[in-house]
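First up is the structure itself, then whatever we jot down about it.
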Amino acid sequence: MADSGRSSFYHDDQFGGGHFMKKKKKSKRGRLLAKSNPYSRGEKQAGDKGNPHGNTSRDSLNQTKNEPREKGWFKVTIPHGRKYDKGWLMGLIQGACTLPFTPVEYHCDHSRAHFYVEDAAVAKAIKRISRTFTDRENYKVTILTAPCPPPELPNDMSQEEIVHLKSCMQKRYDGAQQALNLKSICLDPDLIENKVDIMLNRSTSMQPMLQFIGENIPELISLDLSNNKLYRFDHMSEIHLVAPNLKILNLSDNLLRSEKDLDKIKKLKLEMLWLNGNPLCKNFKDQTVYISAMRGRFPKLLRLDGHDLPPPIKFDLETHTTLPPCKGSYLASDDCKALVLSFLRQYYACYDSEDRQDLLNLYHDEACCSVCIPDLFSWKSIRSSLGEYFRSSRNIKRIYDPALRFKLLKHKRLNVVSFLNELPRTLHDLNSFIVDITVQSNMLLCFVVSGLFKVEGQCNDPVHAFSRVFIAVPSTDGGLLLVNDEQFIRNATTEEIRKAFATPAPTPSSSPVPVLEPAHQDMVQAFSLFSGMNIEWTQKCLQDNSWDFEQAAKIFMKLKAKSKIPEVAFIT
């Protein structure tokens, strides 16, 4: 009975169908209270002036649009609603309501019709249109709303309902065009006959639809979702995964109110899009702004609402490129390499010892030193894990006091080594070191060392990462003296922690190499020529493999392929 009602916003004062109610005469006390209270329910609001039929005024409509969308379930009741066709009644209410909504659990109880909405603002908007339209018998249609507990809703469609939905979608699929026509699917005769209620704004309906597309027609190119009362895409955000080739999408004659709703599906590589018939089309001052907003979300768009667009200005940003592989240390020349690696081996052997006093021999009299924890977002977590370094951190992004900045910069050799002695005891992973020489001259050498270390004595020996900038000058004995030492410390990443100390770096003894048998001496010389390692590391490798040349060569090649042999092994 689609014609059982007639929508009219111009109606008379006729009442019927049980809607007639006599107005009670106010008592004198009631009239006085109403007069003294300008906000009483019996008084007209300013927005109702000049609106004798009770239609919602423009101001109240704007107020409805701007109200916060509070969550909460409301039951909507239409007295004598059983006599109306569901399609006619719901179409009339959804068309007159100023906010889009999806009716949930429409049912009839005696002569009344009921459904639920999950939004306080929507419930208010529905209540405002009560008695603003009439049925074909010219009776005003009353709508009542009331808060209620959440209705008991099925979490998913039943298997029988899913079977009917899949059958319906199969009939609507055009294999030759790779197109799926779901226009007005909620009104599909087969679904109505089998009592399958489809509401694409709800996940219980949208998810089975997307699942069917992903499992059966992932090559889908065209999809028509027009005239389905869609007003949100919360449950369509993964459509680009199930239909990666989708290029044509028809969303016309729905209830989309803002272009921001399209952000949920902007990962689609659309070439054709229809949005005409949606309220959002009225939000743009001209066609140029409209096209620009859509192109901003769908850069490959060629047609909009059936009209050709000028070709897009595009760049080939989708070309998959890979970054060059990370290289190891940059050590300029062999002479410089030997000098720096020898210095670092000597420096960290002393730094990781119980007493760091021997570092006095490695610093210049006018040396400067500082420690800094980088300014990261997770400052509180860094402070808890690097607490012993935190109080010494000279991070000039966080320290503004000039006096404190000067205090945290350690100057003079004795002050530097004294400060380093106060820092926690450590163990550095020499295999993790990356050394880059940035400046090299006869009188100055600047190099950066990055790697991983443990703080001994802490719970589970946490792994940290560091980057240290050394500036050195030549010493009288041919070595290096540090004039500047700036250390940055941070928490190690998960990947760094996984790789840290995986292969402990051997620490060859500094004692004289014991005299070997002639056969072993010949083997050491031969293996050193084969591997390129120095005599001390060659001997250790052969000893660890019980002087089995082939086994040692196999282990050496395996470790070298994984870059797990430290640079110091090749210093002659």
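The values are calculated or read from the model by the stated rules, or taken from the named source; none is laboratory data. Worth saying up front: this structure is predicted, and the values here are computed from it rather than measured. Positions of Cβ are backbone-derived with ideal geometry, glycine not excepted, and every protein chain shown enters the neighbour counts. Ligands, DNA and RNA are excluded from the accessible area calculation, which covers all protein heavy atoms including side chains. Shrake-Rupley method; radii C 1.70, N 1.55, O 1.52, S 1.80 Å.
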Using distinct alpha-carbon pairs, which all enter the 1/r mean, Kirkwood radius of segment 214-257 in Å:
11.2
Counting pairs of Cα atoms in segment 69-122, how many percent are more than 14 Å apart?
52
Packing rank of 300-308, 195-203, where each peptide gets the mean count of other beta carbons within 10 Å, highest leading:
195-203, 300-308
When each of Lys127/Lys282; Lys166/Lys195; Lys327/Lys540; Lys337/Lys564; Lys83/Lys195 is checked by Cα-Cα distance, pairs over 22 Å
Lys127/Lys282; Lys327/Lys540
Specify which residue in the list Ser333, Leu344, Leu360 is farthest towards the positive end of the charge dipole of segment 333-373, using unit charges on the beta carbon of Lys, Arg (+1) and Asp, Glu (-1), about the Cα centre.
Ser333
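Applying a 10 Å radius around every beta-carbon, put 125-131, 184-190 in order of their mean neighbour count, most first.
In descending order of packing, they fall as 125-131, 184-190.
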Cα lying deepest toward the dipole's positive end in segment 118-249, options Asn194, Leu223, Leu144, charges on Cβ
Leu144
Please give the residues of segment 466-496, grouped as numeric ranges, whose backbone N is less than 14 Å from a label point set 7 Å along the Cα-to-Cβ vector of Asn442.
474
What residues have an amide H closer than 5 Å to that of Tyr330, excluding those fewer than 5 places away on the same chain, when H is modeled at 1.01 Å from N in the peptide plane?
Val435, Asp436, Ile437
Kindly give the semi-axes, whole Å and largest first, of the ellipsoid equivalent to segment 325-483, taking each as the square root of 5 times a Cα gyration tensor eigenvalue.
26, 19, 17
Compute, for Ser467, the solvent-accessible surface of its heavy atoms (probe 1.4 Å) with the complete set of protein chains present, and express it in square angstrom to the nearest 10.
40
Points 7 angstrom from Cα along the Cβ direction at Asp522 and Cys281: gap in nanometres?
9.4
Once Cys148, Cys108 are ranked on solvent-accessible area with the largest value leading and a 1.4 Å probe, the list reads Cys108, Cys148
Vicinal HN-Hα couplings computed from phi for segment 81-91 (Karplus, 6.51 cos²θ - 1.76 cosθ + 1.60; Hz; Gly/Pro x):
x, 4, 6, 9, 5, 4, x, 5, 5, 5, x
On each of the three principal axes of the Cα atoms of segment 175-221, give max minus min coordinate, whole Å, ordered largest first.
30, 22, 16
Please get the size of the charge dipole for segment 79-186, origin at its Cα centre, with Cβ charges of +1 on Lys and Arg and -1 on Asp and Glu, quoted in debye to the nearest 20.
540
Solvent-accessible area of Val141 with every protein chain in place, 1.4 Å probe, in Å² to the nearest 10:
0
Evaluate the relative contact order of segment 164-253 (contact order divided by residue number), counting alpha-carbon pairs under 8 angstrom at least 6 apart; express in whole percent.
32
Under the Karplus curve 6.51 cos²θ - 1.76 cosθ + 1.60, θ = phi - 60°, whole-Hz ³J(HN,Hα) for segment 209-222, x wherever Gly or Pro sits:
5, 5, 5, 4, 5, x, 7, 10, 9, x, 7, 3, 10, 10
